[in-house]
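Asks: Let me begin by handing over the structure; questions about it come next.
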Amino acid sequence: MGLEQWSSPVNPVAKVSRKQAIQVPAIKRGRDIIAGSIGSLPFRMYDMDNVDHVSNLLSQPERHNPRSVTMTNLIEDILFEGEGWWWTTERDWRNFPTFVMRLEPPVEPDERGYVHITLNGEERVIPPQDLIRFPSPTEPVLYAGARAIRTWLKLSVTVDNYADVPMPAGYFTPKNEQWDPSPAEIGDFLDEWEKARREHSTGYIPGLVDFETVQLNPEQLQLVEARREAVIELSEVLGIDPEDLGISTTTRTYQNVQDRRLGRLNDTLGMYVSAVQERLSMFDITPRGYTVRADWAGFLRADDLARYQAYQLAVNLGVIDRYDIAKREGLPRPLFEAPTAPAEIPAGTG
């Protein structure tokens, strides 16, 4: 069960499954923010002069998947499981990976480091040299957030029960103490009672029994407030602002979108991106003298006025030229090239 000892009331709880976790809207939203944001980032390979080079692996890691899907799945594995695995399926003439295949977690190498999988009904053995492991820089959500996820799911079940039977729970007592129905009769009576409550909000109690209420209503139980606190706990596990999960915790009325993205990068996304780009820069994947870095330009893209003002300052300082601006804006180079002056026609020619 993952417990250190049975007697302690504060033992770490067992890991939850990914299917359980993804049913929690806060977890689903957090997964989309973290994995989706990083999955959309381009990863580029640079040499020692900071020149961008083409890399087949970074352009499309899996043959039959778009790059963003492969990278999003990798970050999701790291976020939930604490590690992600790629299997190198093709290499270039220098023996560096060009195409990989994502391995579905959990991946458990044997004592020699080999991984056994079933692919298209066929048993395959992957040697250690063809495996690429991406470790997580922090504890996986399925472990660290297990207690908070279970709490939210329990509260959700309680709310569902009130939705199914919109009436406080209680018990029936016979008015005639000599009347003693059988267990089968009691079960049939309760089934009919709950079925009638789902069809009609108003109920009818037979004259043979009295109904005693023993449970508070959802408002008295503060289920809404309890679920709100559970979402705040989940936001702390994910490392995301509660407001990104729909919970208002401040009186803030406006914040620049770029500032919020920069804060998210510094607080949460940065550590996952650093772990991935540093792993991709290791010598079993990338040649010596080259490094892999994520391109944050699109993620931190400012509004038009702010961008053009920054471009003007950079051009005046000689940091970039108009071709660099066109490249960043996705414009064709000829738009920024000076028109060629027409050649002079020699005198006396027709």
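Asks: Please determine, by comparing only the residues of the range 118-153 that are part of a strand (DSSP E or B) and basic (Lys, Arg), which one is nearest to the chain's Cα centre (by Cα).
Replies: Checked the range 118-153; the qualifying residue nearest to the chain's Cα centre (by Cα) is 133.
Asks: Taking the condition without any contact (Cβ under 8 Å) to a residue 60 or more places away in the chain, in contact with a helix residue (DSSP H, G or I) (Cβ under 7 Å, 6 or more places away or on another chain) and among the charged types (D, E, K, R), does residue 28 pass?
Replies: Here the answer is yes, as residue 28 does meet what is asked.
Asks: Let me ask something additional. Can you tell me which condition residue 71 does not meet? The list is (1) touching a residue at least 24 places away in the same chain (Cβ under 8 Å); (2) surrounded by fewer than 18 Cβ atoms within 10 Å (Cβ to Cβ), and all the others hold.
Replies: It fails just one condition, (2).
Asks: I would also like to ask the following. What tally of residues in the range 84-117 results from selecting those that are among the charged types (D, E, K, R) and either assigned to a strand (DSSP E or B) or not assigned by TED's automatic domain parsing to the domain that holds residue 284 (or both)?
Replies: 3
Asks: Of all residues in the range 33-58, how many are farther than 13 Å from residue 264 by Cβ, surrounded by fewer than 19 Cβ atoms within 10 Å (Cβ to Cβ) and without any contact (Cβ under 8 Å) to a residue 60 or more places away in the chain?
Replies: 6
Asks: Here is a list: 288, 261, 227. Which entry is modelled with pLDDT of 80 or more and among the charged types (D, E, K, R)?
Replies: Among 288, 261, 227, only 288 is modelled with pLDDT of 80 or more and among the charged types (D, E, K, R).
The values are calculated or read from the model by the stated rules, or taken from the named source; none is laboratory data. A quick note: this is a predicted structure, and the numbers were derived from the prediction, not measured. Note that each Cβ is placed from the backbone with ideal geometry, even for glycine, and that neighbours are counted across all protein chains shown.
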